[in-house]
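Undergrad: Structure incoming, see below.
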Amino acid sequence: MLKFTTAFLIFAFNLLLMTSLFGQDLSLSRQLFDTYDTYREPGLTHRRFKQSDILPLIDQLKTDSRFEVTNVGESVEKRPIQLIKVGNGPRKVLLWSQMHGDEPSATMALFDIFNWLRREGPFDAFKKQLLAETTLYFVPMLNPDGAERYQRRNVLDIDLNRDALRLQSPESVILKGLQQSLKPLVGFNLHDQGTRYSVGHSRKQATISFLATAYDEARNINPVRERSMQLIVGMNRVLQQFIPGGVGRYSDEFEPRAFGDNIQKWGTTLILIESGGYPNDPEKQFIRKLNYIAILSGLQAIATDAYKTESRSEYNTIPENDRYLFDVLIRNAQIMRGGKPVTVDLGINRYEVNVGNAATFGYRSSIDDFGDLSPFFGIEEIDATGLTLAPGRIYPDTLRSMADLKKYKLDSLLQQGVTTFRLASPSRATTHLSPVHLLQPTTTAVRPVQTGRIPTFLLLRGKQLRYVFVNGFWLDVANQSNKLATGVVE
């Protein structure tokens, strides 16, 4: 009986120890997940917002005495760049987002975090501890000129994340100046990556990817970089609850021009977070939620020193990002070549095209690979076994303008395999809202399907229409599943 009691006590102690090391962050993250809508910033509902959309939200912070808002400089086009400070603890943390103007997922999450910090509720004890143990510095939009155009680079066409040495852009000077003057213990470098990154060689999208940046060519590990790995191990474990198998590890080749690598070299532990893709989340609203949870979980580990219990060896067990995904993969279609049927796979990718002032967008898709694509996966896949690929049908009448499309029952025409109209006069547009393919007056009407072409075609079973593809989006005629989206002008 005594032996049983002793064994039970040892088991209970170990369970309590494991809970204290690993359970607290998991329970916190679950609570953060479940209560997220309470703190989600309602003023940001899509990812193509501009600085003018967030300035009123920053002004609201100025009414809260716990926050200190400072203009720390200007962009090339004289847009203000703000530093938001909260907390008064000994551990300094610098977080910056959108140094690439078209990478806004984490920016939205930062404003969710500001709401979380401001509002009373079930997290009050944790918030009190966090603000007593850390001083948090946020730069929510480092590249406002790029965000205005929804482009990666700034208005000088410089990639800020390759400007850590020459410092040719004022935005780069601001970021280095903050790191040098604040000397933060930890920096969060917040980015978006392409939605077609896979977790290793798998069909899983890399929804969130982490990187403990190298500080030299040899990729050595000193205490500064080790802390990055330990923090990432904890954040990965948190995210696995919500996206099991959906976390990747970014390649750590040393990039001598990059801010992440240099900030690690300058003595600040650097955590790079990349927001990738998630099914049916084109505006990255679920990924925004994951950023909110990951960042707050990481801040908890910093405030409590909980990361010190993590083994850095677990960092390398996170699968590295790879490129095994297409937006659409069509397998085993038959196509006629030289009068003979050939079985091919088609890898289709959809590319966003800015519309107007870049507040909205259309798509221009491409057949990016063609042939045997058996090692690859599609975010959407179609098994075309027994189906033959054929050109889409061209409507016989010419359109005077795109407005003429309103005269036609496009749904009915698409069901008949009519995918394409010809314009009578040239148009400057490259995309449009109607799900049809428009040809400029001089564009050749019928061309073979091959790499680099816009994927507009039919898949037939004998003479029966099965799928209609327009600009890389498709209509399943048999099941009436319509995934058509924006049209294209070629």
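Undergrad: Looking only at the stretch 451-483, count how many residues are part of a loop (DSSP other than H, G, I, E, B), of a type in the set (D, E, K, R) and open to solvent by 80 Å² or more (accessible area, probe 1.4 Å).
TA: The total comes to 2.
Undergrad: Turning to a different aspect of this structure: For the stretch 284-313, which residues satisfy the criterion of being open to solvent by 30 Å² or more (accessible area, probe 1.4 Å), over 13 Å from ALA109 (Cα atoms) and not β-branched (Val, Ile, Thr)?
TA: Residues satisfying the conditions are ASP305, ALA306, LYS308, SER311, ARG312, SER313.
Undergrad: Got at least one residue in the stretch 258-266 being open to solvent by 30 Å² or more (accessible area, probe 1.4 Å) and within 24 Å of GLY194 (Cβ to Cβ)?
TA: The answer is no, given that none of the residues of the stretch 258-266 is open to solvent by 30 Å² or more (accessible area, probe 1.4 Å) and within 24 Å of GLY194 (Cβ to Cβ).
Undergrad: Scan the stretch 451-490 residue by residue and report those that are in contact with a Lys or Arg (Cβ under 7 Å, 6 or more places away or on another chain) and without any contact (Cβ under 8 Å) to a residue 24 or more places away in the chain.
TA: ALA478
Undergrad: Kindly indicate the residue of the stretch 142-166 that is acidic (Asp, Glu) and either buried (at least 17 other Cβ atoms within 10 Å of the Cβ) or touching a strand residue (DSSP E or B) at 6+ places or on another chain (Cβ under 7 Å) (or both) and also farthest from GLY356 (Cα to Cα) among those meeting that condition.
TA: Looking at residues that are acidic (Asp, Glu) and either buried (at least 17 other Cβ atoms within 10 Å of the Cβ) or touching a strand residue (DSSP E or B) at 6+ places or on another chain (Cβ under 7 Å) (or both), I get ASP163.
Undergrad: Give the residues of the stretch 435-445 that are in a loop (DSSP other than H, G, I, E, B) and either open to solvent by 30 Å² or more (accessible area, probe 1.4 Å) or at pLDDT 95 or above (or both), sorted by residue number.
TA: Scanning the stretch 435-445 gives PRO435, VAL436, GLN440, PRO441, THR442, THR444, ALA445.
Undergrad: Assigned to a loop (DSSP other than H, G, I, E, B) and either closer than 15 Å to ASP411 by Cα or open to solvent by less than 60 Å² (accessible area, probe 1.4 Å) (or both): is that true of PRO448 in this structure?
TA: No: the conditions fail for PRO448.
Undergrad: Let me confirm something: among PRO56, PRO80, which residue is modelled with pLDDT of 95 or more and loosely packed, with under 13 Cβ neighbours inside 10 Å?
TA: None of the others qualify; the one that does is PRO56.
Undergrad: Could I ask something else about it? In the stretch 227-253, how many are open to solvent by 40 Å² or more (accessible area, probe 1.4 Å) and either in contact (Cβ under 8 Å) with a residue 24 or more places away in the chain or closer than 27 Å to ASP159 by Cβ (or both)?
TA: Number satisfying all stated conditions: 5.
Undergrad: For the subset of the stretch 106-153 comprising residues that are touching a His at 6+ places or on another chain (Cβ under 7 Å) and not basic (Lys, Arg), which member is farthest from GLN179 (Cα to Cα)?
TA: Checking each candidate, the answer is GLY146.
Undergrad: Out of THR195, THR107, report the one residue that is touching a strand residue (DSSP E or B) at 6+ places or on another chain (Cβ under 8 Å) and either open to solvent by 10 Å² or more (accessible area, probe 1.4 Å) or free of Cβ contacts under 8 Å to residues at least 60 places away in the same chain (or both).
TA: Testing whether each residue is touching a strand residue (DSSP E or B) at 6+ places or on another chain (Cβ under 8 Å) and either open to solvent by 10 Å² or more (accessible area, probe 1.4 Å) or free of Cβ contacts under 8 Å to residues at least 60 places away in the same chain (or both) leaves just THR195.
Undergrad: Output the number of the condition that MET336 fails; it satisfies all remaining conditions of (1) part of a strand (DSSP E or B); (2) in contact (Cβ under 8 Å) with a residue 60 or more places away in the chain.
TA: (2)
Undergrad: Here's another thing I want to ask about it. Tell me, which strands (runs of 3 or more DSSP E) lie completely within the stretch 114-222 with 1 or more residues that are within 17 Å of TYR292 (Cα to Cα) and small (Gly, Ala, Ser)?
TA: 186-192, 208-211
Undergrad: Go through the stretch 212-226 and give me each residue that's surrounded by 24 or more Cβ atoms within 10 Å (Cβ to Cβ) and touching a residue at least 60 places away in the same chain (Cβ under 8 Å).
TA: Once the filter is applied, which keeps residues that are surrounded by 24 or more Cβ atoms within 10 Å (Cβ to Cβ) and touching a residue at least 60 places away in the same chain (Cβ under 8 Å), the stretch 212-226 yields only ALA212.
Undergrad: Kindly evaluate ASN316 against the criterion of being open to solvent by 50 Å² or more (accessible area, probe 1.4 Å), modelled with pLDDT of 95 or more and either part of a helix (DSSP H, G or I) or closer than 29 Å to LYS127 by Cβ (or both).
TA: So ASN316 passes the test.
Undergrad: Being open to solvent by 40 Å² or more (accessible area, probe 1.4 Å) and over 23 Å from ARG428 (Cα atoms) is the filter here, so list the residues in the stretch 338-360 that pass it.
TA: Within the stretch 338-360, GLY338, GLY339, LYS340, PRO341, VAL342, THR343 qualify.
Undergrad: What's the total number of residues in the stretch 343-356 that are of a type in the set (A, V, I, L, M, F, W, C) and at pLDDT below 95?
TA: Qualifying residue count for the region: 1.
Undergrad: Pull out all pairs, ordered by first then second residue, where Cβ-Cβ is under 6 Å, the residues are six or more apart or on different chains, the first lies in the stretch 294-321 and is under 21 Å from GLN31 (Cα atoms), and the second is surrounded by fewer than 21 Cβ atoms within 10 Å (Cβ to Cβ) and among the acidic types (Asp, Glu).
TA: From residues that are under 21 Å from GLN31 (Cα atoms), the pairs are ALA303/GLU133.
The values are calculated or read from the model by the stated rules, or taken from the named source; none is laboratory data. Here the structure is a predicted model, which is why all the values come from computation and not from measurement. Reconstructed Cβ throughout: ideal geometry from the backbone, glycine too, with neighbour counts over all protein chains shown. Surface areas here come from the heavy atoms of the whole protein model, side chains and all, with no ligands, DNA or RNA. Shrake-Rupley method; radii C 1.70, N 1.55, O 1.52, S 1.80 Å.
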